[in-house]
Each structure stands twice: as structure tokens, then as C-alpha cells.
Amino acid sequence: MKLGNLGKFIFQLLRSLTSIDKKHLLPIPLLVFLNGLAIVALGSLSIYAKIENKGAGIENLFSDPFNRSTFYLGWFTGISEILWSTAIAVCLFTTFLLPPANRKVKGFFLVSSLLMALLYFDDRFRLTLILVVFFGAYTKVKAIVYSIYGSLLILYGWKFRQIIKKTLYLPLILSFLLFTLSSVVDITPMTSRGAHAMLEDGTKLIGLINLTLYFWYACYTEVKQYILDEKKL
């Protein structure tokens, strides 16, 4: 590209940036905050690593699990994380897309996303296992945590039972049952590692498939109805 054309391109780019509609500037404070927070956090970690000579620890934070002899390491775990993220993102997107008039439905999707986020963060960052290490009682700690999660799911189902009844709720019920089975197997001693992994993590994976499909279709139905109602106005 010639210098003259390059200068013209830069001029046009700057001109377009200065003529942005004001409504498009609304997210900028949030973008500045999030980017600033990320920069401060990463910068603080870098300074700490430099002072304490912890460069390897910083590298571990960004490392992906990979083993040349076991190249499939964590494949199903990665799929589970994608399913968790998809279900949470779809629910949050629908929550902010629907109008305020749909307050109950918005609340259903918002609480669903927050509850799934709690379960996902526990699964991803091993929060329950951290508690096990801290208190030193594997079965007891896991039983208490799973009881709390079970109580939350029961309250959730009771609170939004009227909305759930209007949806194709079979995958949701199936996912809850599979999560329950996975939790029971997790605190049950088994001699076969393969059978334990399949009954615990395999059932959880199938539960996540059903959970994601349920919310995908439920959100699709609500958004589609909202679009049709808008066209009638």
C-alpha cells in the first residue's frame, strides 16, 4: 500500500471513529473497566512473579493440559466445559434480550444461568476439592456440598415450576437425575477406576448434553415468540 493511500485510510478510519452514534458509546465504560481490571490483575501477577521469582507458576496458570503419550487427556472434560458455557451464555443472552414485561421468564433464565455458573465454577476450579483439602474429610465435605446443591435445585424447581411446566421439561428432569447419580457415585468407593469415571463423569456429561439442549430450545422458543410479538406491533 502506498503512503498516500495509507494516510487516506487512516484519516477515514479516524473520521469514522469520531462519528460513531452515541448509543454505540454506552458500552465503552464497561469495556474500559473490564480491560483495565484485566491489565491490573495481570500486571500485579507479573510484578509478584518477578519479585518472588515465580515465573514458572505464572506459566502454569496459562498452561493447557497436554501429554504426548496421552494426547486425549481431558477431552471429555473440555466438552463438558463447552456445554456448561453454552447453556450459561444462552440463558444470559435471553435474559437481557427479553423485554421487562416478561419479568418472570427473565427471572427464570437469570436464576438458571447463575445456578449453572455456580456448578460450573465448582466443577472447573475444583472448589469442593479445595474444601476437602482444607477440612480433610472427603466424604463428609462432598456429602454436605452436594446436599446444599440438591436443596438449591429443589428450591429452583419449586420456584419456577409453573414456567418449567410450559416447556419441554423432560431433558431438564433427566439432567437433574443424572447429576444426582453422578454425585452419589462420587462419594461411593469403587475398585474399578474406569467404571467409577464412567458412572460419575459419564453420567454428568450426558446430563450436561440434556441440560444444554433444554435451555437452548427453551431460549429459542422465548426469543422467537418475542420477535413474532414485535412484528405484530
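For this structure, a couple of remarks:
- Being out of contact with any strand residue (DSSP E or B) (no Cβ under 8 Å at 6 or more places or on another chain), of a type in the set (S, T, N, Q) and within 25 Å of L73 (Cβ to Cβ) holds for only one residue in T212, T221, T139, and it is T212.
- Condition broken by F125, with the remaining ones in (1) surrounded by 13 or more Cβ atoms within 10 Å (Cβ to Cβ); (2) of a type in the set (F, W, Y); (3) closer than 15 Å to S80 by Cα satisfied: (1)
- Every condition in (1) over 22 Å from K165 (Cβ atoms); (2) surrounded by 13 or more Cβ atoms within 10 Å (Cβ to Cβ) is met by C219 except one, and the failing one is (1).
- Scanning the range 183-199 for residues that are closer than 23 Å to A137 by Cβ and not in a loop (DSSP other than H, G, I, E, B) gives S183, V184, V185, D186, R193, H196, A197, L199.
- Residues located in the range 71-121, provided they are under 27 Å from S147 (Cα atoms), of a type in the set (S, T, N, Q) and modelled with pLDDT under 95: T77
- For the range 142-172, a tally of residues being part of a helix (DSSP H, G or I) and closer than 21 Å to A117 by Cβ returns 21.
- Residue in the range 133-141 that is without any contact (Cβ under 8 Å) to a residue 40 or more places away in the chain, buried (at least 16 other Cβ atoms within 10 Å of the Cβ) and in the same structural domain as M198 (by TED's automatic domain parsing) present: yes
- One residue stands out among those in the range 97-111 that are over 16 Å from the mean Cα position of the chain (by Cα) and surrounded by fewer than 18 Cβ atoms within 10 Å (Cβ to Cβ): the one that is nearest to Y217 (Cα to Cα), which is L97.
- Only one of S183, S192 that is more than 29 Å from T94 (Cα to Cα), in the same structural domain as I164 (by TED's automatic domain parsing) and surrounded by 17 or more Cβ atoms within 10 Å (Cβ to Cβ): S183
- Qualifying residue in the range 52-67 (condition: over 23 Å from R124 (Cα atoms), at pLDDT 80 or above and under 31 Å from the mean Cα position of the chain (by Cα)): yes
- Selection from the range 200-233 of residues that are farther than 16 Å from D123 by Cα, part of a helix (DSSP H, G or I) and without any contact (Cβ under 8 Å) to a residue 40 or more places away in the chain: N210, Y220, K224, Q225, I227, L228, D229, E230, K231, K232
- A search for C-beta distances below 7 Å between a residue of the range 72-92 that is closer than 16 Å to G207 by Cβ and any residue that is part of a helix (DSSP H, G or I) and of a type in the set (F, W, Y), counting only pairs 6+ apart in sequence or on different chains, returns W84/Y120; A87/F215; I88/Y120.
The values are calculated or read from the model by the stated rules, or taken from the named source; none is laboratory data. The model shown is predicted, which means the values in this text are computed figures rather than measured ones. All Cβ positions, glycine included, derive from the backbone under ideal geometry; neighbour counts span all protein chains shown.
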